[in-house]
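Here's the structure, in structure tokens; my notes come after.
Readers should treat all values here as calculations from the given coordinates under stated rules, not as data from a laboratory. None of these values were measured; they are calculated from a predicted model. Positions of Cβ are backbone-derived with ideal geometry, glycine not excepted, and every protein chain shown enters the neighbour counts.
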Amino acid sequence: RAGAGPLCPRDTPSRDLKELGGLWRFRADTSERRDSGFAQRWYRRPLEQSGPVIDMPVPASFNDITQDPSLRRFIGWVWYEKEVLLPKHWFQDAFKTRVVLRVGSAHYYAVVWVNGVQVVEHEGGHLPFEADISTIVQASPGDPCRITIAVNNTLSPYTLPPGTIQYLKDESKYPKGYFVQNTKFDFFNYAGIHRPVVVYTTPIAYIDDITVTTALSGNIGVVRYEVSVIGSSQYSLSLNLREKEGKVVATGQAAVGELKVVDPKLWWPYLMHENPGYLYYLEVRLSAQVDEDLAEDVYTVPVGIRTVHVTSSQFLINGKPFYFHGVNKHEDADIRGKGLDWSLIAKDFNLLKWLGANSFRTSHYPYAEEIMDLCDAYGIVVIDECPGVGMRDIENFGNQSLAHHLVVMEELIRRDKNRPSVVMWSVANEPASELPPAANYFKTVIAHTKAIDPTRPVTFVSNANYAHDHGAPYVDVICVNSYFSWYHDSGHLEVIQLQLNTQFENWYETYHKPIIQSEYGADAVSGLHSDPPLMFSEEYQVAVLKQYHAVLDRKRKEYVIGELIWNFADFMTDQESLTALNILSAEIQLCMSSICDYPGLSSLCPALIAAVPSTARWNNAVTRVLGNKKGIFTRQRQPKPAAFVLRERYWKLANESS
Ligand code: GCB
């Protein structure tokens, strides 16, 4: 199985945890052949013996840590190394303790060695992976153990997200071997070890996985569970479901079973109830016979008892209509890039609460488990998105991409399946779903997602023309992004209401599914003013929001079930970052509307894409000023006027629904 074990490492009475955060030794492989690290086997000896090293913080993106512009835009292999001393007691009972090395995420491709022995490789950022390193570390107890991690951020048409490497061969313009990475997603491709690296232990026979789903039957909360054990077939289990305050409310012994709670305290979203995010704790105890010995393991998972249902016009949580009033985020901040940072996490949750936001989408990739834990605990509802972003080319919809996409969904669901905060999976953002191969592609990805997790609805976020979206028939909820008066009819605030109304009616009449306005917004450079409102001023951002809200207020009484602003905070993009995706789809829509009745239209799509001049796609779109400024907070988390507008609105919406 790819990726990490399903249970996130925790300190328990039977498990130890050692965090390996801090400064690691680091080198980017800038050699001409780009793979000297492998050719010269840098993992065999301490890294400083094969060349110069610098200190690099973990977790963090490496890009913004130094003053070196070539490291900021580096594409290829970077090498990290750390020596760690593991606690002596991990070896006292050698061979009774299992030692596991786990990486919370590394972007994009990673290979890991311990004491020079390769232990795991993993494709894909944003998700954890791990390796059992017991035999290696137990071979030399008490000696420092050397962990080497090589990370490569090169994207291909078959990675998620996809990208292409373009060699620029005109030697009158570019040095020999010059290349750039092109991507069609709108955030900087930060790279490095982004989330904590830990070493943890379990007994040799251990609880491998616990799956929990919940249901309500009258006044009974039903907690269905399944426990899988590895390392022994002779074992017994004891399960206690406890209230937050400690009282046991149900017990079990079987590996698969149902626990019943009379008059349960339900998990409610933030602002829908005075105790949002109520959690029970399912403590699982294992006693397993291993040869002559007894192995004991304990693991506790938080459980939120709640249900999710989708009708043709509503999203129900615990049977009550839920309206998403929230944000789209990014994992992004000064200096650390996409690296996990507790101060930033705490600040962001405080801002979400201040705003009265009850939800967010993990645009455009799975967020850190540490963030997800807080969503569970605070009752922040999450649309959990996989890194299927920037899928704009036909080759992103072939079998190789599909096979990887399915694995990514498996890894994501394995990680987040027990989280009450996660109410829906999003399998992609703004794919070119008008291309014919998107039909089978999304049919397959969505069916696979539902087969692994039949309890949650599935969506993807579209900016395609409603009439030609080949993926929309398979989703449970329609999520639409639109930027009226920004990318279309730029500067014309007066067209927003008409166009937004038409957008909603078109989608609803075609699919009869509830709709979320999954993105809308405008860039505002903090401190830039203009009245009458002109684009990029704070006033214009506010004006766009207000025009959208007028229509949302009408449509939320019908079938619109949510609004997520783009974006929570300003974030970094590529310097040549573009709105290519928007321009591209706008042009396709234009072509399509003129030949709408043409038979066999869909087979023309690739030709239409090819017909869009490359200049229109890539060169005319220098629209980013030190990143995307559609945040309602700055990158440093200071509010722009739009934040106050949303704050007033979200608290009002919350009061109406509670
Ligand atoms: C979108 C994308 C998002 C961009 C945003 C923008 O449609 O989904 O990733 O950042 O538009 O600001 O262009």
Per the 1/(1 + (r/R0)^6) rule, R0 = 30 Å and r from the Cβ atoms of residue 180 and residue 536, FRET efficiency to 0.05 is 0.65
Per residue convex hull volume, Cα only, segment 1-89, in Å³ is 161
Once residue 41 and residue 70 are pulled to full extension, the length gained, defined as 0.36 nm per residue separation minus their Cα-Cα distance, is 8.1 nm
With the charge dipole of the chain built from beta-carbon charges (+1 for Lys and Arg, -1 for Asp and Glu) about the Cα centre, the Cα from 499, 342, 311 projecting farthest to the positive end belongs to 342
Nearest-0.05 FRET efficiency for residue 373 and residue 173 at R0 = 60 Å, using Cβ-Cβ distance, is 0.75
Final fewest-first order of 42, 354 on the 10 Å Cβ neighbour count is 354, 42
FRET efficiency for residue 648 and residue 215 from the Cβ-Cβ distance with R0 = 41 Å, rounded to 0.05, comes out at 0.65
Of 385-392, 263-270, ordering from highest average Cβ density within 10 Å down gives 385-392, 263-270
Residue-ordered couplings for segment 197-202, obtained by feeding phi - 60° into the Karplus form 6.51 cos²θ - 1.76 cosθ + 1.60 and rounding to whole Hz (Gly and Pro as x), are 9, 9, 10, 9, 10, 9
Relative contact order as a percentage, the chain, C-alpha pairs under 8 Å and 6+ apart, gives 12
Classified through the alpha carbon gyration tensor (a ≥ b ≥ c as square roots of its eigenvalues; rounded if a/c is under 1.5, else prolate when a/b is larger than b/c, else oblate), segment 411-556 comes out prolate
Under 18 Å by backbone N from the virtual spin label 7 Å along Cα-to-Cβ at residue 494, the residues of segment 509-538 are 531-535
With x for Gly and Pro, the residue-by-residue ³J(HN,Hα) of segment 469-476, computed from phi through the Karplus equation 6.51 cos²θ - 1.76 cosθ + 1.60 at θ = phi - 60° and given in whole Hz, is 8, 6, x, 3, x, 9, 8, 8
Using alpha carbon positions and the Kirkwood radius, the Rg to Rh ratio of the chain is 0.97
tail above 27 Å in the computed P(r) of segment 322-657, as % of all Cα-Cα pairs, reads 43
Percent antiparallel among DSSP beta bridges confined to the chain, rounded to 5, stands at 75
Relative contact order of segment 89-137 (C-alpha contacts under 8 Å, at least 6 apart) in percent is 42
Any GluC sites (Glu not before Pro) in segment 1-99 that lie in a DSSP loop and have at most 13 other Cβ atoms within 10 Å would be 32
Non-local residues with an amide H under 5 Å from the amide H of residue 119, with H modelled 1.01 Å from N and Pro and chain starts lacking one, are 112, 113, 114
Subtracting the Cα-Cα distance of residue 85 and residue 353 from 0.36 nm times their residue separation yields 92.4 nm
With 0.36 nm assigned to each residue of separation and the Cα-Cα distance removed, residue 346 to residue 132 gains 73.8 nm
The correct pair for segment 205-303, radius of gyration to one decimal and Dmax as a whole number, both in Å and from Cα atoms, is 15.0, 54
Relative contact order in percent for segment 154-247 (Cα pairs under 8 Å, 6+ apart) equals 16
Out of 532, 422, 179 - ranked by how far each Cα lies towards the positive end of the dipole of the chain, with unit charges on the beta-carbon of charged residues - the top one is 532
